[in-house]
Amino acid sequence: MALNITGRKLFVKALKEEGVDTIFAYPGGMITDIVDELYKTEGIRVVLGRHEQALVHEAEGYARATGKTAVVLVTSGPGATNTITGIADAYYDSIPMVIFTGQVPLHLIGNDAFQEVDIVGMTRSITKYGVTIRERDDMGKIIKMGFQIAGTGKPGPVLIDIPKDIQTAAGDPEYPSHVDIRGYHPNETVHIGQLKKAYKLFKSAKKPLILAGGGVRIAKAEKKLLEFATKMQVPVTTTIMGKGVMPVDSPLYIGNCGMHGRYAANKAITECDVLFSIGTRFNDRITGELDRFAPKAQIIHVDIASASISRNVVVDVPVTADALIALERLADYAEPMNTDKWLGQIANWESEHPLAMPCSKNGVCPQNICENINDLFPNANIVTDVGQHQMWATQFIDIHKGQQMITSGGLGTMGFGFPAAIGAAIGDGKKPVVLITGDGGFQMNMQEMATAMSLKLPIIICIFNNSNLGMVRQMQQLFYGKRYEITDLKAEDGSYYPDFIKWAAGYDVKAVRVTDNSDIKAALEMAKSNTEGPTVIEFMVSPDDLVLPMVKSGTALSEMILK
Amino acid sequence: MNKMKNRWIALYVENQVGVLAKVSGLFSAKSYNLQSLTVGKTERDDVSRMTISVMADDVTFEQIKKQLNAMIEVIKVIDLTTLPVHMKELLYAKVCNVDAAGKEEVFQIAQVFNQGGNVTVADIGADSVLLQCTLTSRRNNELVDLLKSRFKKIEVVRGGAVAIESISTSCR
């Protein structure tokens, strides 16, 4: 038998065997041993963030850009609690991630010791799996389980809590190559009968429509989706998380649907007779009022998680399967359908109400910014924060093959964008990273500029500054009699803080303010040429620009506010 | 048919720290209407079995089963609602401040409910009687209702039902 090794040594061994080349870490008292072990380790890049919440978002961006399971290491207590928002975000967007938290020594657990919290208990409802290691000899098995669970099936965050004395205790040196988990059987097949039934129904449609969500990307099934849709000549609409799974240059792609979806896409959902949904959980932002969602359609639902099926929308043909496996099979069956009339109808809707912003005169036009980004960065990873700018990005940014949009869809976490952009730049340095963010959300994690500048990451940071929390302001404007309570970020005397240009100077970061549409292109070109580090472009946008169309929360997709 | 009714699930789970919290947490987090939950070790030290009763409509109940199935710590979910099962719940009922005639009435009630020794007098004092019952939850409800209607002061403690599939259905 091989000699026993310490927990800290096994920790590093586990990461190596999992092929982890990057971890996102912030030190603290209960992980000093592991941190010390990392000092002695070659081949694992340790990214030091400036706040643990941001650290998790960085890991999310990394996971999204690389498709790998991201690893986070933080200390106990506040280090652990700070990760919670990030973990919830990863959970709702199905991001594969293993979060290691330090914990007080076993004998102190439950004593309200210094920096002790029950982080496993606190995150129980937002992790796929969470556990405290209580026996040193279980450590290898538990870490292996963590990676298996995080990265397979419907991916998600796994939290592993490691008491300090486990890190230093000697024990089993083995890291298993596989662990049998009797309560976990991710779906790796598809019921052929069910799939044939789905295909038959779909084939019988006069007005077929495909609704594709983020699950298609997770399954790496974009190519198969395009193939299937093209072969059958069926239009495709996407969710926010599904944005980009259908390339924008396909004539069958009709844009996003949902609360701020395209008019034609929401009309198509309302009028279609068979809706083929894949990799979406029918979030309320997608469906609007449930009773009037796709009222004329029979619904097929392909999802890897059977718990997602018939949860929000009752479906006619459920298929529990990985999107890639299902689409590979379906591509075999696919035969062209005559959808000319239906496609013509959708094109008519699009020309009735094309997506276009009536931009106000007193600011830079968000649509115009997005179009310039499209022209200059056709291969970039586009990252957004949460708010109006995010919805404009989902409406106006073109995502081509090989590109993706990284956004916080499920939780809608302000502060997500900047750290996620950092993670994406770390994970995929070959593609430019363009961050589209708002002045509100950006301020929630702007301390990460130190991380970005230290690593000289050439992120193009586009701050849409309307000096307001625009998404809520828009609701106040439309539904609350223009009573703009706590959405105006300006001081009473009209001054605005911070001055982002001066602020950037404190980090030696290049920054430029754009107040006129004619300067958008030059600013983006300047940013593109700066490969030495991040560039800030502050676009002065009017607070009166709205995200339209809009389906008011709780109403039907067919009841869009168009102007 | 989508009406609310009482349903039963048996759950095999890992016998580990936090599993009970995770299962019960699901019910509170998703606003499922949990009626009773019992848990104990099975013939295997590392496996516990829960017997859970929920009030739910068909759609919600399907979702509950799927959500439970999705949990890593849940090994198996069995819907007991439509299976022939043996199901009992332990109940103690203390009837206090009763005179001799009252005691006599408690004995009579016990006799009526008793089948093969599943309602017994576990303890007795000068002015009180303690009944020990191993009945179905429904029968226990009826007993409690009756005692409440007849006596001013009673104390009841219940263990929640445990259930197992009948021999005709399975022998693992």
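Under 18 Å of direct C-alpha separation, and excluding same-chain neighbours fewer than eight residues apart, residue A:502 reaches these aspartates and glutamates: A:439, A:448, A:538.
Might you list the cysteines of chain A that have no disulfide-compatible partner by the rule of another cysteine's Cβ under 4.7 Å? When partners are defined as cysteine Cβ atoms under 4.7 Å apart, chain A leaves A:257, A:272, A:370, A:462 without one.
Taking label positions 7 Å along the Cα-Cβ direction at both residue A:192 and residue B:124, the computed distance is 7.2 nm, reported to one decimal.
With each label modelled as a point 7 angstrom along the Cα→C-beta vector, the residue B:28-residue A:36 pair spans 3.9 nm.
The phi-based Karplus calculation (6.51 cos²θ - 1.76 cosθ + 1.60; θ = phi - 60°) puts the 3J(HN,Hα) values of the stretch A:193-206 at x, 5, 5, 5, 4, 4, 5, 4, 4, 4, 5, 7, 6, 9 Hz, whole numbers, x for Gly and Pro. The lysines whose alpha-carbon is closer than 20 Å to the alpha-carbon of residue A:197, local same-chain residues fewer than 8 away aside, are A:206, A:207, A:224, A:231, A:296. In degrees from 0 to 90, rounded to the nearest 10, what is the angle of the helix B:58-70 Cα long axis to the longest principal axis of chain B? Between the helix axis and the principal axis of chain B, the angle is about 70 degrees. The dipole here belongs to chain B: it is taken about the Cα centre, uses +1 on the Cβ of Lys and Arg and -1 on the Cβ of Asp and Glu, and is about 340 debye. What does the C-alpha gyration tensor say about the overall shape of chain B? Classify as rounded when a/c is under 1.5, otherwise prolate if a/b is larger than b/c, or oblate. Prolate. Using the Cβ-Cβ distance between residue B:149 and residue A:182 with R0 set to 35 Å, the FRET efficiency from 1/(1 + (r/R0)^6) comes to roughly 0.10. Of the residues B:149, B:167, B:133, the one whose Cα sits farthest toward the positive end of the charge dipole of the stretch B:122-172, with +1 on the Cβ of Lys and Arg and -1 on the Cβ of Asp and Glu, is B:149.
Among the residues of B:18-26, the average count of other protein chain beta-carbon atoms within 10 Å of the residue beta-carbon is 3. Among the listed pairs A:154/A:196; A:220/B:76; A:68/A:267, those with a Cα-Cα distance over 27 Å are A:220/B:76; A:68/A:267. Bridge orientation summary for the protein assembly as shown: considering DSSP beta bridges with both residues in this region, about 45 percent are antiparallel. Distance between the C-alpha centres of the stretch B:21-70 and the stretch A:44-108: 29 Å, rounded to the whole angstrom.
Here the 3J(HN,Hα) profile of the stretch A:112-123, calculated from phi with Karplus coefficients 6.51, -1.76 and 1.60 at θ = phi - 60°, is 6, 5, 4, 6, 9, 9, 7, 5, 5, x, 5, 9 Hz, Gly and Pro shown as x.
Here's the picture: charge each Lys and Arg Cβ at +1 and each Asp and Glu Cβ at -1 in chain A, and of A:331, A:410, A:547 the one pushed furthest to the positive end of that dipole is A:331. When a/c is below 1.5 the answer is rounded, else prolate if a/b is larger than b/c, else oblate, so apply that to the stretch A:232-342 with a ≥ b ≥ c taken from the square roots of the Cα gyration tensor eigenvalues. Cα axes put the stretch A:232-342 in the rounded bin.
Partners of residue A:40 within straight-line reach, counting lysines whose Cα lies under 19 Å from its Cα and excluding those fewer than 8 residues away in the same chain: A:9, A:13, A:16, A:164. A full extension of the chain between residue A:45 and residue A:502 corresponds to an added length of 161.4 nm, given 0.36 nm per residue minus the alpha carbon distance.
Projected label points at residue A:486 and residue B:132, each 7 Å from Cα along the beta carbon direction, are separated by 5.8 nanometres. State whether chain A is rounded, prolate or oblate according to the following rule on the C-alpha gyration tensor (a ≥ b ≥ c being the square roots of its eigenvalues): a/c under 1.5 gives rounded; otherwise a/b larger than b/c gives prolate, and the remaining case gives oblate. Here chain A falls in the oblate category.
With a sphere of radius 10 Å drawn around the Cβ of residue A:329, what net charge do the other residues whose Cβ falls strictly inside it have (Lys, Arg +1; Asp, Glu -1)? Charge balance in the 10 Å sphere: 0. Work out the charge dipole of the stretch B:1-131 with +1 on the Cβ of Lys and Arg and -1 on the Cβ of Asp and Glu about the Cα centre, then indicate which of B:50, B:101, B:90 is farthest towards its positive end. Comparing the listed Cα positions along the dipole, B:50 ranks first.
For chain A, a crude dipole built from +1 on the beta carbon of Lys and Arg and -1 on the beta carbon of Asp and Glu, taken about the Cα centre, is about 1340 debye to the nearest 20. Considering every alpha-carbon pair of the stretch B:1-63, the percent of pairs per 10 Å bin, from zero through the bin containing the longest distance, is 21, 50, 24, 5, 0.
Since every read-out is calculated from the coordinates, none of them should be taken as a lab result. Since we're looking at a predicted model, the values are computed, not measured. Here Cβ is always computed from backbone atoms with ideal geometry, including for glycine, and neighbour counts include all displayed protein chains.
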